[in-house]
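Please read the structure below before turning to the comments.
The values are calculated or read from the model by the stated rules, or taken from the named source; none is laboratory data. Keep in mind that this is a model prediction, so the values were computed, not measured. Here the Cβ is made from the backbone with ideal geometry for all residues, glycine too, and neighbour counts use every protein chain on show. For the accessible areas, the whole protein counts, side chains as well, though only heavy atoms, and no ligand, DNA or RNA atoms are used. Shrake-Rupley method; radii C 1.70, N 1.55, O 1.52, S 1.80 Å.
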Amino acid sequence: MFKQIALWTLGTFIVLQAIQIDIPETPKVIDPKNELQAPKEIQALLKTSCYDCHSYQTEMPWYGNIFPMSLEVRSHIKNGRQAANFEAWGEYDEEKKQKIYKGIAKTINFRMPIPMYLKVHEEAKLSQKQRNAIKKWAKSYITEEER
Ligand code: HEC
């Protein structure tokens with residue numbers, strides 16, 4: 001009986017692996033000119049704390065390929081890139097850029113980087129000072145009438 005349950009559980013687990021969220025394919029050639037340019041300190045913070053989900057430079061963790069964690073991880077990457085891809089910045093119109101700058105100012109103190117991600121990515125944690133610096137930088141680009 002126990003063996004049957006174990007086998008059944010294992011079988012279900014294997015079948016469930018077929019459920020996958022596809023991340024849109026990364027372009028073969030990424031034009032470095034399209035990358036967001038920010039002061040060195042800001043850029044470094046974005047790279048260590050945001051690029052896993054907001055660029056093409058995603059470091060997929062091993063559990064990113066295993067159901068059910070894969071659903072969480074992959075939807076973060078897919079939706080994160082859609083909301084803002086700092087390596088596709090040059091392709092965005094002014095409206096989209098404004099939306100992202102405002103989004104950064106709004107989310108940096110609490111929703112971004114995603115708290116659950118920070119639990120497993122110690123290196124991506126930001127101090128209050130660093131968050132303030134990112135916020136100040138983003139706000140400086142928000143056009144006057146909207147600030
Ligand atoms: C673990 C993945 C992940 C990381 C790391 C991450 N984000 Fe996000 N981000 C997302 C996802 C998913 C969304 C879209 C869903 C949402 O808005 O919650 C998003 C949305 C956003 C948005 C749009 C929000 C809005 O409401 O307009 C901004 C701006 C943003 N992120 C900025 C950042 C910045 C800046 C960092 C780094 C300091 C960062 N994110 C780190 C996954 C991530």
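Of note:
- Among residues of region 38-61 that are over 14 Å from residue 112 (Cβ atoms), those with a Cβ under 6 angstrom from a residue that is away from the ligand (no atom under 11 Å from the Cβ) and modelled with pLDDT under 95, sequence gap 6+ or separate chain, pair up as 56/26; 56/30.
- Set side by side, the residues 72, 59, 94, 123 differ, and just one is more than 12 Å from the ligand (Cβ to nearest atom) and not small (Gly, Ala, Ser), which is 94.
- Residues considered: 105, 84. Of these, the only one that is touching a helix residue (DSSP H, G or I) at 6+ places or on another chain (Cβ under 7 Å) and more than 7 Å from the ligand (Cβ to nearest atom) is 105.
Conditions (1) touching a residue at least 40 places away in the same chain (Cβ under 8 Å); (2) assigned to a loop (DSSP other than H, G, I, E, B); (3) exposed (fewer than 11 other Cβ atoms within 10 Å of the Cβ), marked per residue:
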{"residue": "85", "(1), (2), (3)": "no, yes, no"}
{"residue": "90", "(1), (2), (3)": "yes, no, no"}
{"residue": "98", "(1), (2), (3)": "yes, no, no"}
{"residue": "103", "(1), (2), (3)": "no, no, no"}
{"residue": "110", "(1), (2), (3)": "no, yes, yes"}
{"residue": "123", "(1), (2), (3)": "yes, no, yes"}
{"residue": "126", "(1), (2), (3)": "yes, yes, no"}
{"residue": "130", "(1), (2), (3)": "yes, no, no"}
{"residue": "133", "(1), (2), (3)": "yes, no, no"}
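- Qualifying residue in region 61-77 (condition: out of contact with any Asp or Glu (no Cβ under 9 Å at 6 or more places or on another chain), part of a helix (DSSP H, G or I) and basic (Lys, Arg)): no
- Among the residues making up region 37-77, a single one is open to solvent by 70 Å² or more (accessible area, probe 1.4 Å), of a type in the set (Lys, Arg) and either over 30 Å from residue 132 (Cβ atoms) or within 12 Å of the chain's Cα centre (by Cα) (or both): 47.
- Any hit, region 18-37, residues being over 15 Å from residue 90 (Cβ atoms) and modelled with pLDDT of 95 or more: no
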